[in-house]
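Enquirer: Once you've had a glance at the structure underneath, I'll fire off some questions.
None of the figures in this text is laboratory data; all of them are computed from the coordinates on show. Note that this is a predicted model, so its numbers are computed, not measured. Every residue, glycine as well, gets a Cβ built from its backbone with ideal geometry; the counts of neighbours run over all protein chains shown.
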Amino acid sequence: MNDILIAPSILSADFARLGEEVAAVDRAGADWIHLDVMDGHFVPNITFGPPIIKALRGSSQKVFDCHLMIAPADPFLQAFADAGCDYITVHQEAGPHLDRSLQAIRGLGKKAGVSLNPSTPETTLEYVLDRLDLILLMSVNPGFGGQAFIPAIIEKTRRVKEMIGDRDIRIEIDGGVSPETAPALAAAGADVLVAGSAVFKGGSEETYRQNIAAIRTAAEGALKAAA
Ligand code: DX5
Ligand code: ZN
């Protein structure tokens, strides 16, 4: 059983002070920094790309967890690797050659992740399991922060956990994660919890610390209760 990791999504940060916000969640207890890259094509929103990530790299030594909501992804993998991403996650739905994308990410010396939209079955990953370091289950439709959690993802998490067996693959959940939804997710086998609005609400380092601790305590409480 892996420890629970909390990955604040900077999509909910103050974009005018992005470097300071990354440093603040780092000091406030973030395990990973989650970077939501959107292209206005695969998802109906646009955020940021490699130059911004590169500029943020100096603000934290923690794992940069890059969630690519872009299609195609392959032509940009090198740029995200060069920008300092540690995990690079592509969407299963973003291209026809998932196996190739995953090989390319590992070929760049990075950890390889795949993300599934809420409606995409986990069985689409059956034949790429040995190429994966991370499975990111979307628990909202990707594109925006602050949406309502989709409860069906709890059962999906359980199925993914069963499917990966004893492979060293992390299960990350993204969308609507809060102290209320974290316990069921942790109990189902999730070990990386992304949270945007639930971390950045309050707008100060002290509130970020409380918000991260509240999600972690809720998730770990569920694991202790199950043990
Ligand atoms: C949505 C992004 C998420 C988002 C989560 O497309 O992938 O990372 O920031 O935001 P919350 O935690 O507010 O649902
Ligand atoms: Zn994300």
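Enquirer: Give me a comma-separated list of calculated 3J(HN,Hα) values for region 48-62, in order, Karplus coefficients 6.51, -1.76, 1.60 applied at θ = phi - 60°, integers in Hz, x for any Gly or Pro.
Expert: Once rounded to whole Hz, the list reads 9, x, x, x, 5, 4, 4, 5, 7, 4, x, 8, 7, 8, 6.
Enquirer: Working from the pairwise distances between different alpha carbons, so that the mean of 1/r is found and then inverted, what is region 109-219's Kirkwood radius in Å? Walk me through the intermediate numbers first.
Expert: On the way: mean 1/r = 0.0694 Å⁻¹.
Computed over Cα pairs of region 109-219, the Kirkwood hydrodynamic radius comes out at 14.4 Å.
Enquirer: Suppose a student asked you for the relative contact order of the chain, using Cα pairs under 8 Å spaced at least 6 residues apart; what percent would you report? List each step's numbers first, then the result.
Expert: Numbers: 464 pairs, mean separation 46.6, N = 227.
Contact order relative to length: 21 percent.
Enquirer: If you don't mind, another one. Normalised radius of gyration for region 1-123, please: alpha carbon Rg relative to 2.2 N^0.38 Å, two decimal places. Display every interim value, and only then the final one.
Expert: On the way: Rg = 14.2 Å, N = 123, 2.2 N^0.38 = 13.7 Å.
That ratio works out to 1.04.
Enquirer: Then there's this: Region 184-227: D in µm²/s via Stokes-Einstein (Kirkwood Rh, Cα pairs, 37 °C, 0.692 mPa s)?
Expert: Values: Rh = 11.1 Å.
For the chosen part, D equals 297 µm²/s.
Enquirer: A further question on this structure: Place a +1 charge on the Cβ of each Lys and Arg in region 81-227 and a -1 charge on the Cβ of each Asp and Glu, then give the dipole magnitude about the Cα centre in debye, rounded to the nearest 20. Spell out each step's value before the answer.
Expert: On the way: 15 positive and 19 negative charges, 16 e Å.
In total the dipole reaches around 80 debye.
Enquirer: Something else about it: List, in order, the whole-Hz ³J(HN,Hα) value for each residue of region 75-82 obtained from phi through the Karplus relation with A = 6.51, B = -1.76, C = 1.60 and θ = phi - 60°; use x for Gly and Pro.
Expert: x, 10, 4, 4, 5, 6, 5, 5
Enquirer: For the chain, what is the percent of antiparallel DSSP beta bridges, rounded to the nearest 5?
Expert: Around 5 percent of the beta bridges assigned by DSSP in the chain are antiparallel ones.
Enquirer: Next up: Give me the Kirkwood hydrodynamic radius of region 54-151, using the inverse of the mean 1/r over all pairs of distinct Cα atoms, in Å to one decimal. Before the final figure, lay out the partial values.
Expert: Working: mean 1/r = 0.0713 Å⁻¹.
Across region 54-151, the inverse of the average 1/r is 14.0 Å.
Enquirer: Based on DSSP H runs of at least 4 residues, each adding -39500 (n - 2.57), what is the mean residue ellipticity at 222 nm of the chain after dividing by all its residues, to the nearest 500 deg cm²/dmol?
Expert: -10500 deg cm²/dmol
Enquirer: Taking a temperature of 37 °C and a viscosity of 0.692 mPa s, what whole-number D in µm²/s does Stokes-Einstein yield for the chain with Rh from Kirkwood over alpha carbon pairs?
Expert: 190
Enquirer: Shifting gears a bit: Among DSSP beta bridges lying fully in region 16-119, give the percent that are antiparallel, nearest 5. All intermediate terms of the calculation are to be shown ahead of the outcome.
Expert: Values: 1 of 16 bridges.
Restricted to region 16-119, the bridges split so that about 5 percent are antiparallel.
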